[in-house]
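The values are calculated or read from the model by the stated rules, or taken from the named source; none is laboratory data. All figures in this text were calculated on a predicted structure; none of them were measured in a lab. Reconstructed Cβ throughout: ideal geometry from the backbone, glycine too, with neighbour counts over all protein chains shown. Accessible surface areas use protein heavy atoms only, side chains included; no ligands, DNA or RNA. Shrake-Rupley method; radii C 1.70, N 1.55, O 1.52, S 1.80 Å.
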Amino acid sequence: QVQLAESGGGSVQAGGSLRLSCAASGYTYSRALSSNCIGWFRQTPGKEREGVAGIYRGSGSTLYADSVKGRFTISQDNAKNTVYLQMNSLKPEDTGMYYCAAEYRPWVEWSGHCLGLSRYNNWGQGTQVTVSS
């Protein structure tokens, strides 16, 4: 059973930084997952969950929402089955619940990019990020 455990959320003033981590368990990374994605989404009350950053597990190619480009960096350590989100120059509008998401489809090339909700079949519980002005 795939489980995702996020950590690193908290409260920070505008302009500050936070680093989120997400450790996946229940499986280990292998070449069978090289076409899969792992990423971060966020959600605020009354709004849909949106993709923030995603990374292809084999190539390491990344995608970012326009609102975070140049400020957020996603990275992964496949040996540790962990994904990170470094968030710099935080703004109040970055406030929200941040969810880690992992695709687990061995040997499958799913359609859609790494920022799409439908790409993912495993979700973490979320970690709150609050940015004050």
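In plain terms, the bigger the Kirkwood radius, the slower the diffusion; for the range 63-133, with that radius from Cα pairs, at 20 °C and 1.002 mPa s, Stokes-Einstein puts D at 154 µm²/s.
Can you say what percent of the DSSP beta bridges in the chain, counting only those with both residues inside, are antiparallel? Round to 5. If we restrict to bridges inside the chain, about 90 percent are antiparallel. Remark: spin-label model distance Ser133-Thr28 equals 5.0 nm, labels positioned 7 Å along the Cα→Cβ axis.
For Leu117, Leu20, Leu63, what's the largest-to-smallest order of accessible area, 1.4 Å probe?
Values: Leu117 80, Leu20 0, Leu63 55 Å².
Reading off the accessible areas and sorting them downward yields Leu117, Leu63, Leu20.
Of all lysines in the structure, the ones whose alpha carbon falls short of 19 Å from that of Lys69, not counting any fewer than 8 places away in one chain, are Lys91.
Roughly how big is the chain's charge dipole about its Cα centre, with Cβ charges of +1 (Lys, Arg) and -1 (Asp, Glu), in debye to the nearest 20?
Taking the Cα centre of the chain as origin, the dipole is about 140 debye.
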